[in-house]
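What follows is calculated from the coordinates using simple rules that are stated; it is not laboratory data. Because the structure is a prediction, the values reported are computed rather than measured. Heads up, the Cβs are rebuilt from the backbone with ideal geometry, glycines too, and the neighbour counts pull from every protein chain shown.
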């Protein structure tokens, strides 16, 4: 038996984001139009033991507006970013959320390391802001975000490596579909830290020049930071939604803890599950926003998975990692929000960092932005440590 | 979506002892034992070469699943492809995070995600179904059985492993004490349940209430009861 198709869909009523690409939807859309990379050398992470300090950092002027970027003095940086993105999404969904009982509004958080900077300080014996310490634990971060945005319903914290964001969207949609909530605030956040820079440096998986997804000369990923938010509601509450969630799939490679499967079969399985739930044939997909980290093995694995699913009829495939960096637990939410934003603007995003196609790369790489290009059926994929894979199928109504 | 589910197997490990629906409840051979003292080879006949390099959380989760003894090796590939995992952990990989901050290295960094437990279980038993990992301290709303039941009801999975794991030392307790620990004692435990749809279980298994405990406490209680009943 395969997955049931969704008898109803869940509507996206609001979105927000802050990242290296910009503060808010409007600034991010501008960066997308210009195919501008948000990756730069960041002095805060200029430690010779790291492979690189070329990262997708939220710009200093944005951090300064939000209270500073220094992990030791800026309080809970994850709260500030997540709250900022969530506020934008909630503002946009305001008319839909206004009439709802707060006890029927859920919050689902995705993060991999939450306020890891606070743990760095504590272990080093340095002073640590009380709120930052509280947010070492994702559930405390989620509780404070829920209180700030009057979400008094279910509260969940997803931590499934780099697919956390997509799984959080699925969890929000499940809560709404099951009648456990009328709306779900989904927020993904992760910040740059010495912890993750040191970790990925020990694994030798960073590209000193900045990531180059699907490029012949790619050498690794670039880390990023940011937050993304989506407001999901019952479809009858949003007659003119920004997008509809049509299906999802999750799978495991059962192969290796840190490396993707060599044949792409795990990701292909997740995509097939998502398409099955949406009741869509593969050829319905017009644009794939891939995980596209820029590591040799991930990008090859994804290309094989897409070949398995789409055969010789490849849709456009692109990656945002050269724009934002890899924002880990936030990636699925930020990148899904970005896909919706772009499709509504009839803009197909490019793939910053990509220049020479790898011979194994997908046949149709969206290298540079294309506009105006109307499209509405999107596949978003992510993969992560532990052999996890996830896919999300979105439909974005055409905007006249 | 909803479906009736039954538990086909259960297991647990705590500092006091371990057990399963087939073994019953047992004490550690020499009384209360700490996690690092538990000898994998004395409990389980199948060697696992990487076990010593895994994080405490991962070792616990893997042992709880091993104790279930549900015969993964005899399952068809199709069954294993549709066997999902739903894991809750109150504080996740905090102990390993601290270890990495003290002594950075690739082998430790690999386990600084709670979902590494799921990854190791999937690798060992070739499981490819849908997975979920929630950090459950302070969460509100749905419990693990409800999450698992929904995945079976929607046809995403045929059967589900529910796994509750926690492993934190005194230092983590100090850093998180206001949120998690009434004291700073070493705290570790794991429980596992293997669930199937009632209509597919051919009369086997124990009926399971979906419950609403997002902390996973209901799972732990249920596992202890099933091991007691043997």
Kirkwood Rh, Cα Rg: Rg to Rh for the range A:166-213?
-> 1.25
Name the shape class, rounded, prolate or oblate, that the alpha-carbon gyration tensor gives for the range A:215-334, where a ≥ b ≥ c are the square roots of its eigenvalues, rounded holds for a/c under 1.5, and otherwise prolate holds if a/b is larger than b/c and oblate otherwise.
-> oblate
Mean Cβ count within 10 Å, highest first, over the residues of peptides A:88-99, B:82-93 | B:82-93, A:88-99
Taking square-rooted eigenvalues a ≥ b ≥ c of the alpha carbon gyration tensor, is the range A:270-400 rounded, prolate or oblate, where a/c under 1.5 means rounded and, failing that, a/b exceeding b/c means prolate?
-> rounded
Inter-chain Cβ neighbour average for residues A:159-165, partner chain, 10 Å = 5
Checking rank on A:283-295, B:11-23, with mean other Cβ inside 10 Å and highest first, the result is A:283-295, B:11-23
Could you work out the relative contact order of chain A, using alpha carbon pairs under 8 angstrom and six or more residues apart, expressed as a whole percent?
-> 24
Using all Cα-Cα distances in the range A:1-143, what percent lands in each 5 angstrom bin from 0 up to the longest?
-> 2, 8, 13, 16, 18, 15, 11, 7, 5, 3, 1, 0
Taking chain A as a Gaussian network, Cα atoms linked when under 10 Å apart, which of A:199, A:172, A:125 shows the biggest mean-square fluctuation?
-> A:125
Highest mean packing first, using Cβ neighbours within 10 angstrom, the peptides B:194-205, B:112-123, B:94-105 sort as B:112-123, B:94-105, B:194-205
Computed log₁₀ I(q)/I(0) - Debye formula, equal Cα scatterers, no solvent, the protein assembly as shown, q 0.06, 0.10, 0.11 Å⁻¹ | -0.27, -0.80, -0.99
Peptide A:246-255, shielding by other chains (average Cβ, 10 Å cutoff) | 6
Peptide A:264-270 - average C-beta neighbours from other chains (10 Å radius) = 1
Rank the residues A:277, B:160 as a footprinting-exposure proxy: fewest other Cβ atoms within 10 Å of their Cβ go first.
-> A:277, B:160
Per 10 Å bin, what is the whole-percent P(r) computed from every C-alpha pair distance within the range A:271-334?
-> 19, 49, 30, 2
